[in-house]
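> The structure's right below; bear with me while I get my questions together.
Bear in mind these aren't lab numbers, they're just calculated from the coordinates by the rules spelled out. The structure displayed is predicted, hence computed values, not measured ones. Glycine also receives a Cβ, built like all others from the backbone with ideal geometry; neighbour counts cover every protein chain displayed.
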Amino acid sequence: MNNYLPDFSRYHLTIMVTAALTGTCVQAEESDTEKSAADVITVTATRTERTSAEVPESISIIDQKRLEQEKMFNIADALKGTPGVLIQSTSGGSSSRLIVRGAGLKAQYGIREIMVLRDGVPVTDPDSFTRMDFIDTQDIEQIEVSKGPANIYATGSTGGAIHIISKSVFDDRRDQLRLGLGDEGTRNLHLRKSWMTEEGNALAITASHRAQDNDWRRNNEYESNQLSIKGGILPSDNSELEMELSMTHSDLNLPGSMDEAQFAEFKKTGKQTDNDSAFKNTARNSEIVFFNSRLSVDLGDLTFRPRVYYNQWSHFHPVTGVINDTDGVAIFGTDLELDYRHNLMGEDNLVSGVTFRQDRTDNARKYAYADIVTAGPRIIRTLSDRKGALLEIEDSVNTVYGVFLQENLRPTDRLLIDAGFRLDQIKIDQDTWNSDTSYNYGMGGYLTIPGSGGDSSLTRTFTLFAPRIGSSYKLNDTFTLFGNISQGEQVPYSSELGSNEDLRSATNTSVEFGLKGRTHDWQFDLSAYASTVDDEIIQVRTDGETIYQNAGRTDKKGIEFSSSVNVLQDSVPGELQLGFNYAYSDYKYDDFSEVVYVMGVPTNFDRSGNQLPFIPEHYYSFSLDYKHPSGVKLRLQADSWGEYYLDNANTETYGGYDFVTNANLGYETGPHTLSLNVQNLFDKRYAVEVKKDTSGDKSYSPGAPRSVMLSYSYQF
């Protein structure tokens, strides 16, 4: 076991802080033993309502109080600072790159390997790609982050689950009007109004408009318009039905990254005037319709919770080399859950159910760019995103069948044992027509080879088994020990299989243990984990092209610590809460031979023993929340991202960034709230992401400079 656990002697900072806080905690408990712990309720880890302290795994909760003090143009606004979670927006708007304990690293963009849910419905596709376009960030009640494999909600996920819980139609306390204006052409308009009958039936309408011109860099405008209608019905005294129909139109321009000279100019001026790619007109514009219904029927010891959902989206998505134009993707599915309360060992319950989901893509097309400037065969610049010659047509069907079961046992009032599994089968069917012309990454232009096109098909089936056993033990009213052993599998994404049909699913086996503390005045979570990933799917960048291959074995070890403490005494007016979060990550390739193209010839290079790129060894965050009885509120959060390697060969590092600070100053009186939000308070010039391909070329994605937004909200 020692081979899998971190060398704790190297983490003196974390241990010193933990010891100091724990000492404070013990003193607090001794001086005020009658105070019970304050905690939040979560459902994401177990599908059963529990306090976060009871859950036998690491779970982070972003509650309504925190969300109200964030800009919330992007889910990253809420998740930044969460230990074990690395999230950055390289283009603003709804676009984010999300990594949880190393899962998601392979994604060239977007979110993969992590299940994202909204009100129990998967936002993540069966092959792990996640679209965040239709998440209305102004209509969120709580976000729950469950880390590690074998989450009972998560089909084919090695990184855990992020559950976005929207404001319930039955909660009329969330009705509000919110207006916001800021620099860089920032606009925010949000309205929620609900009605409820004497019988308890409810209706809520939510509308949101968000936009940013982002003049500090080219091709980075963003606009989103969303409308949601929610209905709530109480069919009987023991049942409750919620339904939602939402529509989204999102236009997101993608500015691209910079080379070294462009990044140096950005650090001087705070502006990005160009990118390092010939493709200057990339974007992702989406139209989305989403329907979700969920019923809860209480039948004594048995509760039946069926969910039925339907999602349809289309997008226009110009990227490197091709323009993706997808008329429509239809996603429909159901999740039928049973919760059986019984007394096998105490107040126990068994959660079980079945899942079915199918994603159908018809007539997804790829085109060449019509308006280009070339030097020989190489494209040196696009002039527009107008479609040219048709390059590819694809039809695909991704189908999921799944079953889940989890027994939750309480042998004593102090001891909780969870044991369960998910078993899922994912089938990927793909039929493709290709023309004789394609984009050649090495040449940097379109290449026509007569007779090279035609029809092809791809069918792969993956059976994924994800078991988990965990336990928590309540030492006293304050402290709880926990531990778990789990395993999860991750299927390749369809485009990854397109570049490498031989990709195997990755398997993550994880061991975790830790300690949680809760009182009204302070709380903390401390955990250590060791994960072994077999056949991890690795992204390799060579000659401007991203290809994927399996690594033999990857070892990931880490420590996570989060804490908050109320520092003012009762005699001092106001509430002041200080927070500190920290993550240590030691992620290495135990067995990995990277294929690098040298003069067009694939050559193997041994990367065993190297660190994974982009993952910093140290990540930490400080926060301060203050509220005065007069209604004045202040929140400060400073995030630091440590040094990391740029490539699998570990040839070079980037220093990360220190203390990028966001601030929110507000005043609340009655139903009125006025707030001033400042992102990047000290206007630091830094990169949120730096990459290096096998040819030695580096690319930089800049962090946004200082921005200001003034908001007013009225609570109905």
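> Computed over the Cα atoms of the chain, what is the ratio Rg over Rh, Rh following Kirkwood?
0.95
> Okay, next question. Can you give the charge dipole size of the chain about its Cα centre, rounded to the nearest 20 debye, using +1 on the beta carbon of Lys and Arg and -1 on the beta carbon of Asp and Glu?
Around 1200 debye, computed over the chain.
> Placing +1 on the Cβ of each Lys and Arg and -1 on the Cβ of each Asp and Glu in the chain, which of I426, T46, S562 has its Cα farthest towards the positive end of the resulting dipole?
Comparing the listed Cα positions along the dipole, S562 ranks first.
> Modelled label-to-label distance, R341 and N363, 7 Å Cα→beta-carbon offset: nm?
Simple spin-label model gives 5.2 nm for this pair.
> I would also like to ask the following. Once Lys and Arg get +1 and Asp and Glu get -1 on their Cβ, which of Y439, Q212, F482 lies farthest toward the positive end of the dipole of the chain?
Towards the positive end, the residue furthest out is Q212.
> OK, next. For segment 152-195 and segment 599-627, write down the distance between their C-alpha centroids in whole Å.
Measuring centre to centre over Cα atoms gives 31 Å.
> Give me the distance in nm between label points sitting 7 Å out from Cα along the Cα-to-Cβ direction at K65 and V354, one decimal.
4.4 nm
> Using 0.36 nm per residue, how much length does the chain from N324 to D259 gain when fully extended, once their Cα-Cα distance is taken away?
Stretched fully, the N324-D259 segment lengthens by 20.9 nm.
> While we're on this one: Around G388, under 14 Å between beta carbons, what's the net of Lys plus Arg minus Asp minus Glu among the other residues?
That sum, taken over residues with Cβ under 14 Å, equals 0.
> Compute the FRET efficiency between T334 and D591 as 1/(1 + (r/R0)^6), taking r as their Cβ-Cβ distance and R0 = 41 Å, and round to the nearest 0.05.
Calculated value: 0.50.
> Considering Cα pairs under 8 angstrom that are at least six residues apart, work out the relative contact order of the chain and quote it in whole percent.
Taking the mean separation of contacting Cα pairs over the length of the chain, I get 11 percent.
> Counting Lys +1, Arg +1, Asp -1, Glu -1, what net charge surrounds N74 among other residues with beta carbon under 13 Å of its beta carbon?
Once positives and negatives cancel, what remains is 0.
> Is the shape of segment 175-262 rounded, prolate or oblate, going by the alpha carbon gyration tensor and its root eigenvalues a ≥ b ≥ c, with a/c under 1.5 for rounded and a/b larger than b/c for prolate?
Prolate, because a/c is 1.5 or more and a/b exceeds b/c.
> Which order do the peptides 432-445, 468-481 come out in when sorted by mean C-beta neighbours inside 10 angstrom, highest first?
Top of the packing list down: 468-481, 432-445.
> Still on this structure: Evaluate the charge dipole of segment 449-608 about its Cα centre and quote only its size in Debye, nearest 20, assuming +1 on the Cβ of each Lys and Arg and -1 on the Cβ of each Asp and Glu.
340 debye
> Going toward the positive end of the dipole of the chain, with +1 on Lys and Arg Cβ and -1 on Asp and Glu Cβ, which of S640, F129, I417 do you reach last?
S640
> If you don't mind, there's one more thing I want to ask. Suppose R0 equals 41 Å; then what is the FRET efficiency for R553 and D697 from their Cβ-Cβ distance, rounded to the nearest 0.05?
0.90
> Using the Cβ atoms and a cut-off under 9 Å, what net charge is assigned to the surroundings of E668, where Lys and Arg are +1 and Asp and Glu are -1?
Local charge sum for E668: +2.
> Tell me, what ³J(HN,Hα) does each residue in segment 149-155 have, in order and in whole Hz, if you take phi through Karplus 6.51 cos²θ - 1.76 cosθ + 1.60 with θ = phi - 60° and put x for Gly and Pro?
Rounded to whole hertz, the list is x, 6, 5, 5, 7, 9, 6.
> Sticking with this structure for a sec: Hey, what D do you get for segment 471-539 in µm²/s if you plug the Kirkwood alpha-carbon radius into Stokes-Einstein at 25 °C and 0.890 mPa s?
167 µm²/s
> Relative to the present Cα-Cα distance, how much length would full extension add between R386 and L624 at 0.36 nm per residue of separation?
The R386-L624 span can extend by a further 80.8 nm.
> How large is the direction-averaged shadow of the alpha-carbon convex hull of segment 560-673, in nm²?
Hull-based average projected area comes out at 11.0 nm².
> Next up: Along its three principal axes, how long is segment 241-283 when you only count alpha carbons? Whole Å, largest extent first please.
Principal-axis extents of segment 241-283 (Cα, largest first): 57, 22, 12 Å.
> Measuring from a point 7 Å past the Cα of V632 along Cα-to-C-beta, which residues in segment 572-609 have an amide N at less than 14 Å?
Counting backbone N atoms under 14 Å from the label point, the list is 573-576.
> Taking only the Cα atoms of segment 73-186, how large is their convex hull per residue, in Å³?
With only Cα atoms used, segment 73-186 gives 113 Å³ per residue.
> Report the gain in length on full extension from Y310 to F291: 0.36 nm times residue separation, minus Cα-Cα distance, nm rounded to one decimal.
Fully extending the segment from Y310 to F291 adds 6.3 nm.
> What ranking do Y367, Y714, Y620 get, fewest neighbouring Cβ atoms within 10 angstrom at the top?
The order, fewest Cβ neighbours first, is Y714, Y367, Y620.
> Return one number: the angle in degrees, 0 to 90 and rounded to the nearest 10, between the long axis of the Cα atoms of helix 260-269 and the longest principal axis of the Cα atoms of the chain.
50 degrees
> Here's something else I'd like to know. Below 21 Å, Cα to Cα, which lysines can K230 reach? Residues fewer than 8 away in the same chain don't count.
Filter leaves K167, K193.
> Taking the alpha-carbon distance from K692 and a cut-off under 14 Å, which aspartates and glutamates remain once sequence neighbours fewer than 8 residues away in the same chain are dropped?
Within the straight-line limit of under 14 Å, K692 reaches these aspartates and glutamates: D259, E260, D276, D543, E545, D647, E652.
> What's the center-to-center distance, using Cα atoms, between segment 393-434 and segment 234-250 in Å?
24 Å
> In degrees from 0 to 90, rounded to the nearest 10, what is the angle of the helix 12-31 Cα long axis to the longest principal axis of the chain?
Around 20 degrees separate the two axes.
> If you don't mind, there's one more thing I want to ask. Order 597-606, 260-269 from most to least packed using the mean count of other Cβ atoms within 10 Å.
Descending mean neighbour count gives 260-269, 597-606.
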